[in-house]
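*Asks:* Here's a structure for you.
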Amino acid sequence: MSYLEATNTLYKEAALTPDVGLCCTTNPIWELPGLKIPRIMQEMNYGCGSTVHARDLTNNPKMLYVGVGGGMELLQFSYFNRQKGGVIGVDVVDEMLEASRKNFKEAEEQNDWFKSEFVELKKGDAMNLPVEDNSIDVAAQNCLFNIFKADDLKKAIAEMYRVLKPHGRLVMSDPTCEQPMNDALRNDDRLRALCLSGSLPIAEYVKALTDAGFGTIEIRARKPYRILDPKNYPTDELIYIESIEVAAIKDPMPADGPCVFTGKAAIYYGDEDYFDDKAGHVLLKNQPLAICDKTAGALQALGRDDIYFSESTFHYDGGGCC
Ligand SMILES: C[S@@+](CC[C@H](N)C(=O)[O-])C[C@H]1O[C@@H](n2cnc3c(N)ncnc32)[C@H](O)[C@@H]1O
C-alpha cells in the first residue's frame, strides 16, 4: 500500500468514527456573531491551526478548500460570502465528503443564515484539482500538504497556484519541524498520514511555495504542536514539532526574489524625522515598519547605527512594505 493509500484509509476511518485527538490544535474555535459550529464539526477538527483570517475574506471572494475534514472551516469561510457555490470543497475520500455533507445539514439547523448549497463539494485529488485555472480568490488547506512527499507536494502547490487568480492567496496551516527526522519516521506511512512525520523546516516549506512562483509569503503564526519521544516513536532523540499558519500570495515574483514576511520590523531612531532608503522604504522616526526578510537584509547591509531590527516574530498580520 502506498503512503497515499494509507492516508485515504486513515481518513476514511476518521470520517466514519470521529477521532477528537487525531490532530492537535490549540486554536480557539472561531464562533463569530451568529455563527454556531456544530459539535460534530468540532470533534472532526483535524487541522493544526486556522486558515480563516477575516482580512482575506472581504468582497465575496470565490473560495476553494482542499481536504474538507468535518467541514468546520468551510462553514467559517461561507460565513463571509453566503452565496451558492461560494466555497468549493475538494476531498479524495468519499466517506469524508459524505460526513461533511451531513455536518453541513446540521450546520443549517443551527445557523439561520447558512444553506448547504453555499458549499459545493467535489471529489478530487489535491494533485489534480477539479477546478478551472485562475478562478479562485482564496484557496486553503489545513494539515494536508505536510503529509505529501516532495514530488507530490510540488504538484499540490502547483495546482493551487494554477487555480488562483492573479493576486489570489493560498492560506495554509501545517506542522513544521526544524530537527532532522530519521528514515524510520519519514517512511512510516501511518505517522505521515497522522501529520506527524512529514513536516519540513519552515525555510524548506517556504521555498516550496516560492519555487512554485508565489511572490509574497506571510508567516502569520508559529505554535507548539507535538512531541515525538523515544518511548513512543522510532526516534533516539526527542523531536519537537510546531505548526505554522502561512499565506502564499500569487503576486508576480519580484526581480530580486520573493518577499517573505516573518514578522520582522525596522525602527529608525536617528536625528531626522524619517529615513528614506530611496528604494521604497520610508521609516518614520520611532515607528516600527514591518519589512520582509529581503528588505531587512538590504537595510542591515547599509550598516547604519540608527536603525533597530527586530527578530522574526513569526506573527505577521499585514502592513509594512517590501
Ligand atoms: C488532516 S485532515 C484535515 C481536515 C481539515 N482540513 C481540517 O482542518 O479539519 C486531511 C484531509 O485531507 C483529505 N485528503 C487526504 N488526501 C487527500 C488528497 N490527496 N487530496 C484531497 N484531499 C485529501 C482527508 O480526507 C482529510 O479530509
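*Asks:* Just name one of SER116, MET72, MET127: the one whose Cα is farthest towards the positive end of the charge dipole of the chain (beta-carbon charges, Lys/Arg +1, Asp/Glu -1).
*Replies:* Final value for the positive-end residue is SER116.
*Asks:* Out of every Cα-Cα pair in region 123-208, what percent are more than 15 Å apart?
*Replies:* 60 percent
*Asks:* Here is a further query. To the nearest 0.05, how large is the calculated FRET efficiency for ALA255 and ASP277 if R₀ is 25 Å and r is the Cβ-Cβ distance?
*Replies:* The computed FRET efficiency comes out at 0.90.
*Asks:* Just to confirm the number: angle between the C-alpha axis of helix 3-16 and the first principal axis of the chain, 0 to 90 degrees, nearest 10?
*Replies:* Compared with the principal axis, the helix lies near 60 degrees.
*Asks:* Using helices alone, I'd like the mean residue ellipticity at 222 nm for the chain: each DSSP H run of four-plus residues gives -39500 (n - 2.57), total over residue count, nearest 500.
*Replies:* Taking each H run of at least 4 residues, the total per residue is -8000 deg cm²/dmol.
*Asks:* If you don't mind, another one. Express the relative contact order of the chain as a whole percentage, based on alpha carbon pairs under 8 Å and six or more residues apart in sequence.
*Replies:* 14 percent
*Asks:* Under 30 Å Cα-Cα from LYS102, which lysines qualify once same-chain neighbours fewer than 8 residues away are excluded?
*Replies:* Straight-line reach from LYS102, under 30 Å: LYS12, LYS36, LYS62, LYS84, LYS115, LYS122, LYS123.
*Asks:* Still on this structure, please answer the following. Taking the Cα atoms only, what angle lies between the long axis of helix 72-81 and the longest principal axis of the chain, rounded to 10 degrees?
*Replies:* The answer is roughly 60 degrees.
*Asks:* Another one. Nothing charged except the Cβ atoms of Lys and Arg (+1) and of Asp and Glu (-1): what's the magnitude of the dipole of region 111-221 about its Cα centre? Round to the nearest 20 debye.
*Replies:* 40 debye
*Asks:* Same structure, new question: How high is the relative contact order of region 22-97? Use alpha-carbon pairs under 8 Å, at least six apart in sequence, and give a whole percent.
*Replies:* In percent, rounded to a whole number, it is 31.
*Asks:* How many percent of the accessible area of the chain is carbon or sulfur, using a 1.4 Å probe?
*Replies:* With neighbouring chains kept in place, the figure for the chain is 50 percent.
*Asks:* Counting each pair of different Cα atoms once, what's the Kirkwood radius of region 24-121 in Å, rounded to one decimal?
*Replies:* The answer is 13.2 Å.
*Asks:* Still on this model: Lysine pairs in region 238-322 8 or more apart or on different chains: how many have alpha carbons under 19 angstrom apart?
*Replies:* Lysine pairs, 8 or more places apart or on different chains, close enough: 4.
*Asks:* Mind checking the per residue accessible area of region 1-104 for me, 1.4 Å probe, whole number of Å²?
*Replies:* Computed with neighbouring chains in place, this is 43 Å² per residue.
*Asks:* Would you please classify the overall shape of region 51-198 from the alpha carbon gyration tensor, given that a ≥ b ≥ c denote the square roots of the eigenvalues, rounded means a/c under 1.5, and beyond that prolate means a/b larger than b/c while oblate covers the rest?
*Replies:* Prolate shape, in that a/c is at least 1.5 and a/b is the bigger ratio.
*Asks:* Moving on. Find, to one decimal place in angstroms, the Kirkwood hydrodynamic radius of the chain, where the mean of 1/r is taken over every pair of different Cα atoms and then inverted.
*Replies:* So the Kirkwood estimate lands at 20.7 Å.
The values are calculated or read from the model by the stated rules, or taken from the named source; none is laboratory data. This one's a predicted model, so the numbers in the text were calculated from it and none came from an experiment. Ideal geometry is used to build each Cβ from the backbone, glycine not excepted, and the neighbour counts take in all protein chains shown. Surface areas here come from the heavy atoms of the whole protein model, side chains and all, with no ligands, DNA or RNA. Shrake-Rupley method; radii C 1.70, N 1.55, O 1.52, S 1.80 Å.
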